1. Send over a whole-number figure in Å² for the accessible area per residue of segment 250-401, probe 1.4 Å.
2. So what does log10 I(q)/I(0) come out to for segment 175-300 at q = 0.11, 0.12, 0.15, 0.20 Å⁻¹, using the Debye formula with one equal point on every Cα and no solvent?
3. For a 28 Å ceiling on Cα separation, which of these pairs sit above it: 119/445; 119/459; 233/352; 26/464; 233/445; 323/459?
4. Out of every Cα pair in the chain, what percent are spaced more than 29 Å from each other?
5. In terms of Cα to Cα distance under 18 Å, which lysines are near enough to residue 208, apart from those fewer than 8 places away along the same chain?
6. Amide H of residue 258: which non-local residues (sequence gap of 5 or more, or other chain) have their own amide H closer than 5 Å, using H built in the peptide plane?
7. Starting from segment 55-150, pick out the trypsin sites (Lys or Arg not before Pro) whose DSSP state is loop and whose Cβ has at most 14 other Cβ atoms within 10 Å.
8. Tally up the carbon and sulfur contribution to the accessible surface of the chain as a whole percent, 1.4 Å probe, everything protein left in place.
Amino acid sequence: MQVIELTLQNEAATIELGEDLALALKAGDCLALSGDLGAGKSTLARAFLRALADDEALEVPSPTFTLVQSYDLRIPVSHFDLYRLADVSELDELGFDEALSDGICLVEWPENALAALPKSRLTATFSHLGDGRTVTITGEAGALARIERSLAIRTFLRQREYGHARRRHLSGDASARAYERILVPTEPVRILMDSARHKPGPILQDGKYYQQLAHLAEDVIPFVAIDRDIREKGFCAPDIYESDLDTGILLIEDLGSDGILDADGQPITERYLESVRVLAHLHAQPVTRNISLGSVTHHIADFDRTAMKIETSLLLDWYLPWKRGEKASDAERHDYFAVWDQLIDLMASSEKKLLLRDFHSPNIIWRGDCSGFDRIGIIDFQDSMIGPTAYDVASISQDARVTIEPDLRDAMLSLYCAERNVLGAFDETTFRRDWHLMSAQRNCKLAGIWVRLMQRDGKPFYMKHMPRTFSYLEVALQHEALAPLRDWCIKAGIL
């Protein structure tokens with residue numbers, strides 16, 4: 001059992017700890033709050049709930065008489081007070097197991113039902129210390145690591161004079177990154193990016209794991225470097241106010257909350273077209289291969305054969321077994337990668353510039369009050385590479401998260417080509433062929449990612465995108481250059 005020991009000088013520090021824990025705990029966590037009357041258990045529970053609700057005025061009545069109060073928040077929370085519990089069996093009647101299965105349980109006076117509480121629980125033990133208190137938190141390593149990370153973020157803020165800022169959950173994504181809103185009275189909202197260094201996975205090829213083979217960012221250095229490059233070229237990416245490159249914590253500009261979809265989640269034509277226009281001008285810029293950050297230099301990797309093939313392997317390794325109930329045969333794998341080798345050979349003469357890799361609706365901010373290129377805010381570009389410019393155009397014109405109808409797709413492609421033709425030498429025929437190739441590559445990858453997110457990461461909601469992914473793949477395979485891949489997909493029972 002591991003331990004975190006804290007000294008809280010006053011009630012404000014206890015409230016801050018409640019906020020920090022609200023950003024660390026997840027569904028399935030049980031936090032037992034132990035200590036004498038007045039030691040701070042209720043203060044912490046109240047702060048935790050208000051932070052999770054993002055409501056400073058949230059009523060948090062004591063559950064002393066009701067025994068449990070439930071809150072339907074971003075993560076459901078049940079606040080138990082077991083002081084009046086007559087028998088451990090009553091905990092079942094209160095729905096404790098059900099509450100824990102899809103939410104967080106805060107438990108005051110846990111001593112009255114220790115035998116019924118999960119062994120994996122966290123326990124925060126409060127003791128008086130002058131005008132303040134000490135808190136000792138015990139629990140399993142994984143849960144304590146989440147708490148320690150949240151406390152490290154508070155330390156990062158404190159060292160930069162934001163120690164008393166309110167922290168509120170903003171979002172997480174399909175990766176390990178998380179984002180918070182940092183709120184200081186009378187000051188603009190700032191965004192905290194929490195991106196700890198990626199832990200290595202299993203070795204797959206040439207002594208490297210997937211992230212290395214696919215050239216995925218393993219720390220925040222690529223984000224900071226690409227951000228600088230994009231801004232220096234006259235485009236809109238977040239200003240970075242504070243950073244700790246070693247721990248992977250950044251305090252950055254809030255570009256706004258408007259996206260390029262309407263209230264019903266449908267594409268707004270003007271905003272998609274403007275995004276493509278910005279993309280065309282970005283692609284017309286010369287490539288900056290090495291970006292210096294003072295003590296370190298970030299080298300932008302090529303979207304090379306290895307990266308393209310390791311991504312397309314997700315179709316074989318995850319989608320195909322899920323679809324058919326059996327793995328791809330050795331012959332199928334051999335033929336599949338032989339097809340991709342042929343397709344990748346075709347791109348030897350393709351135009352290659354900075355590709356952002358995930359240029360689609362979740363990563364584009366609409367800034368309607370701005371003008372020119374500043375109307376399009378670009379985020380989530382840490383995995384950028386040097387590769388075929390058609391990849392980014394395929395990414396937005398076949399948005400993975402929303403259906404793009406053919407008319408809008410064609411309008412985006414026509415606008416991109418028109419802008420590029422005005423800006424300088426541009427081979428439209430080769431580009432349009434590459435659009436189909438990159439569309440196929442991207443959608444083969446996505447088909448595997450959706451299954452991996454469901455099966456490995458417990459995120460089944462991404463599977464709703466699967467039908468769209470295959471409708472996009474069908475379009476990609478219409479080009480004559482993709483005939484070998486289409487034939488393989490038909491033979492494998494994918495199409």
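The values are calculated or read from the model by the stated rules, or taken from the named source; none is laboratory data. As the structure is a prediction and not an experimental result, all values here were calculated from the model. When we count neighbours, we look across all protein chains shown, and the Cβ atoms used for this are built from the backbone with ideal geometry, even at glycine. To get the accessible areas, we keep the full protein, side chains included, count just its heavy atoms, and leave off ligands, DNA and RNA. Shrake-Rupley method; radii C 1.70, N 1.55, O 1.52, S 1.80 Å.
1. Details: 5990 Å² over 152 residues.
Using a 1.4 Å probe on heavy atoms only, each residue of segment 250-401 averages 39 Å².
2. The calculated log intensity ratios at q = 0.11, 0.12, 0.15, 0.20 Å⁻¹ are -0.53, -0.63, -0.95, -1.30.
3. Violating the 28 Å Cα-Cα cut-off are 119/445; 233/445.
4. Values: 69559 of 122265 pairs.
Counting pairs separated by more than 29 Å, the tail of P(r) holds 57 percent.
5. Reachable lysines: 199, 309.
6. 366
7. 74, 84, 119
8. 49 percent
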